[in-house]
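The values are calculated or read from the model by the stated rules, or taken from the named source; none is laboratory data. Note that this is a predicted model, so its numbers are computed, not measured. So basically every Cβ, Gly included, is an ideal-geometry build from the backbone, and we count neighbours across all protein chains shown. Note: areas computed on protein heavy atoms with side chains; ligands, DNA, RNA excluded. Shrake-Rupley method; radii C 1.70, N 1.55, O 1.52, S 1.80 Å.
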Amino acid sequence: MRTSTRRSRRLGALAAVAALTTGLLAGCANDSNDGSSASGDGGGGGKGKTTLTIGTFGVFGYKQAGLYDEYMKLHPDISIKENVTTRTDVYWPKTLTRLQAGSGTDDIQAIEVGNITEAVQTQADKFVDLGKEVDKSQWLDWKTAQATTKDGKTIGLGTDIGPMAICYRKDLFEKAGLETDRTKLAAQWKGDWAKYVDLGKQYMKKAPSGTKFVDSASSVYNAALGGESERYYDKDGNVIWDKSTGVKKSWNAAMTVATSNMSAKLKQFDPTWDQGFAKGSFATVACPAWMMGYIQEKSGDAGKGKWDVAAAPTAANWGGSFIGVPTAGKHQKEAIALAKWLTAPEQQAKVFAKQASFPSTPAAYDSLKPAAATTSYFSDAPITQIFADSAKTIPVQNFGTKDQPIGTAITDVGILQVEQKGKSPDQGWNAAKAEIKDVLGQ
Amino acid sequence: MTSSKQALAHPATSADAAPGSQPGAARGARGRGTPPPDPGSWRSRLYRWDMKASPYAFIAPFFVIFGAFGLVPLLYTAWYSLHNVQLSGLDHQTWAGLDNYKNLLSSEFFWNALENTFTIGVISTVPQLVMALGIAHLLNYRLRGSTVWRVVMLTPYATSVAAATLVFTLLYSWDGGMINWLLHFVGVHPINWRESDWGSQFAVSSIVIWRWTGYNALIYLAAMQAIPTDLYESAALDGAGRWQQFRHVTVPMLRPTILFTVVVSTIGATQLFGEPLLFGGVSGSKGGSAHQYQTLGLYMYDQGWGIGNLGKASAIAWTMFLILLIVAAINLLVTRRLRKSQ
């Protein structure tokens, strides 16, 4: 008898604990709901509130430009949460698996330009056709074309693009006895990246001690390739990387840099690269619009007014993103509305003002105003005009499913071997070739 | 020294005895003390059922979780490794048979990764264990504030891989890194630690050594304190110095512990992943421009998540598993040999 009463008491206690826990959990859930709605619209309304999530990588600038708060004010029944994964190489595989599992995706997912073709060719049925929801003529043609399938389905709306310029240190150029005026400089290297590299040779003759002309050979390669229409794939999706004229030209420019002591030999986005900005150890860097904020942050106050911006040798694009709405999302209608709003010209202009990410909608170009701090940081250069001019003449580029791994193989294996291990350009090319064979599973 | 050793040794033995004997004894006592009143009743049947089934219910959570998160993925990976699966097309698997394995065995990158795993494993494990043994020996002396020293030994192990590797990456940076700066004073030209073949392997190993030496030292220390002091006393009477005592008393008595740390470190070295990945920076999964420090773990990650070839990545995973089994078998053989020779 004793045992049985003890057991029943124990059971009672267990039930009590279970009831308490579930009660507590439910309480927590309620609390957090109340909390978010209160912070969203100041405590009013709150009934039937929809939380939209947006998955991004890196800094998209929406939060920084206050767009989420603005949208939530306009739509009190919506609250927005951004899930940021800093590294693209982590973000994309994760997103791919979730898309295919049909669960765990955010209501809106960002897609990087290097992955857009893979998304278009393999994941189109997992995204809502946004082409029907918007006026596609708002965007640059080539931008929308990248996110559109052969049968005309548009899976993503263009956010920013990466029109190219050259950011250079005016003070270092002066010490090296080079031209410092941005229009005259641009004229000196106009039309060919080889001319830009030639100027580097001139710079190195009288280079201020401890400085090099450019941060890395890979950055020259990426910048030059961004202006070529022929990249790794042809129009029909066949791999042509080893025959491509664009790759050949860009490779040659990069090889001159890698073999001639004008490079600081840094790897972009490494901590040491950041230090290079801070120490001023290189005089130029190919800068797509999105990189301006980065330079400002890493060079710090010491670089203020010393940086200047000149037009790049060729109109080129490097980077840029899209946002799409997965069909697995629970709030598709609301997500489509938000995606439309975020990518509309007015909002893109606001992001530019804050983050200098360049709009993909030409309608925004007339009203563009960079932040005052950015303008003065870059010696009052007419940033808006330089980037807009570049953006309008960027050639249409064909992307493929394995664009990103092929690019990594060329820059982080081929070019790096020549630049940092002292291999010959031929050896570097062969190493990249072996790597790409492995990537393509040949 | 004597008292602290005994104090530490004693609770260890009682703790060893506790989990095995107590619950069973208690259960037995209760079973004998309260015989079921009516053997045919529902309650007594429930009671007997409880006696038989409860132990299984208690151990079930582990096996359920292991089944869900260990066994199923393991078998699923084996299934994947026999297919051609792309990350972007999980629904479109095609049967590939042993192609992924054949592909692997003919790939220079695989053999390179295997070789790197081995060399990095050796140059990180051997110095690490030797140093740990030495440090443990020093900590075993009577020291002022010995707890502080022991805690300090464990701090590297407590730091995250990411934080540690980031600091090491900056130390090893070829332009402006502290190590090259120090080398400059002895007239050595700056070394490109990340891109040179042996330099990068050395750098990665040093991170591993830094993180794990203290951990192993504490294990050795615990074992050393369980060695009876009279062994040392009689050795001292026979005229053995400190070094001779270490060689002829400490090391033989530690043999099982050393073997344990060797096994654990070998498994750790085979799975080395975080340090080289983060050391490589932006495209770390390549393990350097010439794959000079790409380990098997990195190669698998690069194939699966960098390139998106999940079939091949699964094949690498299974190959690693088989390699670990072989390593375990070798360890078993060596252990048996050692026992016999004792």
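Answer yes or no: is there a residue in the stretch A:83-100 that is surrounded by fewer than 19 Cβ atoms within 10 Å (Cβ to Cβ) and more than 14 Å from chain B (Cβ to nearest Cβ).
Scanning the stretch A:83-100 turns up at least one residue that is surrounded by fewer than 19 Cβ atoms within 10 Å (Cβ to Cβ) and more than 14 Å from chain B (Cβ to nearest Cβ).
If you go through the stretch B:285-310 one residue at a time, how many are in a helix (DSSP H, G or I), buried (at least 22 other Cβ atoms within 10 Å of the Cβ), facing another protein chain (nearest Cβ under 9 Å) and not charged (D, E, K, R)?
Of the residues in that region, 5 qualify.
Got a sec? Which of A:LYS402, A:LYS423 is open to solvent by 20 Å² or more (accessible area, probe 1.4 Å), over 27 Å from the mean Cα position of the chain (by Cα), more than 17 Å from A:LYS143 (Cα to Cα) and facing another protein chain (nearest Cβ under 10 Å)?
Values: A:LYS402 fails: over 27 Å from the mean Cα position of the chain (by Cα).
Residue meeting the stated conditions: A:LYS423.
Can you tell me how many residues in the stretch B:191-203 are among the hydrophobic types (A, V, I, L, M, F, W, C), open to solvent by less than 80 Å² (accessible area, probe 1.4 Å) and either within 11 Å of another protein chain (Cβ to nearest Cβ) or within 30 Å of the chain's Cα centre (by Cα) (or both)? Steps first, please.
From the stretch B:191-203, those among the hydrophobic types (A, V, I, L, M, F, W, C) are B:191, B:193, B:198, B:202-203; that's our starting set.
Remaining after also requiring open to solvent by less than 80 Å² (accessible area, probe 1.4 Å): B:191, B:193, B:203.
Then drop every residue that is not either within 11 Å of another protein chain (Cβ to nearest Cβ) or within 30 Å of the chain's Cα centre (by Cα) (or both), which leaves B:193, B:203.
Here the count works out to 2.
Hey, could you check the stretch A:250-271 for residues that are within 14 Å of chain B (Cβ to nearest Cβ), touching an Asp or Glu at 6+ places or on another chain (Cβ under 9 Å) and among the polar types (S, T, N, Q) and say which is nearest to A:ALA316 (Cα to Cα)?
Top of the filtered list is A:GLN268.
Yes or no: the stretch B:108-119 includes at least one residue that is assigned to a helix (DSSP H, G or I), out of contact with any strand residue (DSSP E or B) (no Cβ under 6 Å at 6 or more places or on another chain), away from chain A (no Cβ under 14 Å) and among the charged types (D, E, K, R).
Residues of the stretch B:108-119 assigned to a helix (DSSP H, G or I): B:108-119.
The next check asks that each one be out of contact with any strand residue (DSSP E or B) (no Cβ under 6 Å at 6 or more places or on another chain); those that pass are B:108-119.
Filter again for away from chain A (no Cβ under 14 Å), leaving B:114-119.
With among the charged types (D, E, K, R) added as a condition, the list becomes B:115.
Yes, there is a match, as at least one residue in the stretch B:108-119 is assigned to a helix (DSSP H, G or I), out of contact with any strand residue (DSSP E or B) (no Cβ under 6 Å at 6 or more places or on another chain), away from chain A (no Cβ under 14 Å) and among the charged types (D, E, K, R).
Identify, from the list B:ILE135, B:ILE59, the residue that is surrounded by 15 or more Cβ atoms within 10 Å (Cβ to Cβ), within 32 Å of the chain's Cα centre (by Cα) and either assigned to a strand (DSSP E or B) or hydrophobic (A, V, I, L, M, F, W, C) (or both). Steps first, answer last, please.
Details: B:ILE59 fails: surrounded by 15 or more Cβ atoms within 10 Å (Cβ to Cβ).
None of the others qualify; the one that does is B:ILE135.
In the stretch B:92-107, which residue that is in a helix (DSSP H, G or I) and over 13 Å from B:ASN309 (Cβ atoms) is farthest from the chain's Cα centre (by Cα)? Outline the logic, then answer.
If we filter the stretch B:92-107 for residues that are in a helix (DSSP H, G or I), which is where we start, we get B:99-105.
Imposing the further condition that a residue be over 13 Å from B:ASN309 (Cβ atoms) reduces the set to B:101-102, B:105.
Working: B:TYR101: 27, B:LYS102: 30, B:LEU105: 27 Å.
Across the stretch B:92-107, the extreme among qualifying residues is B:LYS102.
Show me the helices (runs of 4 or more DSSP H) entirely contained within the stretch B:158-228 in which 2 or more residues are of a type in the set (A, V, I, L, M) and under 24 Å from B:LEU254 (Cβ atoms). Walk me through how you get there before you give the answer.
Numbers: elements: B:161-171, B:178-185, B:197-224.
Qualifying helices (runs of 4 or more DSSP H): B:197-224.
Does the stretch B:178-190 include one or more residues that are open to solvent by less than 70 Å² (accessible area, probe 1.4 Å), free of Cβ contacts under 8 Å to residues at least 60 places away in the same chain and within 14 Å of chain A (Cβ to nearest Cβ)? Walk me through how you get there before you give the answer.
Pass one, the stretch B:178-190, residues open to solvent by less than 70 Å² (accessible area, probe 1.4 Å): B:179-180, B:183, B:187-188.
Within this subset, residues satisfying the condition of being free of Cβ contacts under 8 Å to residues at least 60 places away in the same chain are B:179-180, B:183, B:187-188.
Imposing the further condition that a residue be within 14 Å of chain A (Cβ to nearest Cβ) reduces the set to B:179-180.
Yes, because at least one residue in the stretch B:178-190 is open to solvent by less than 70 Å² (accessible area, probe 1.4 Å), free of Cβ contacts under 8 Å to residues at least 60 places away in the same chain and within 14 Å of chain A (Cβ to nearest Cβ).
Determine whether the stretch A:356-363 contains at least one residue that is in a helix (DSSP H, G or I) and free of Cβ contacts under 8 Å to residues at least 60 places away in the same chain. Give the derivation first.
Of all residues in the stretch A:356-363, those in a helix (DSSP H, G or I) come to A:362-363.
Narrowing further to those that are free of Cβ contacts under 8 Å to residues at least 60 places away in the same chain: none.
No - not one qualifying residue is present in the stretch A:356-363.
Which residue is surrounded by the most Cβ atoms within 10 Å (Cβ to Cβ), if the candidates are limited to the stretch A:117-152 and must be small (Gly, Ala, Ser) and part of a loop (DSSP other than H, G, I, E, B)?
Out of the qualifying residues, it is A:ALA147.
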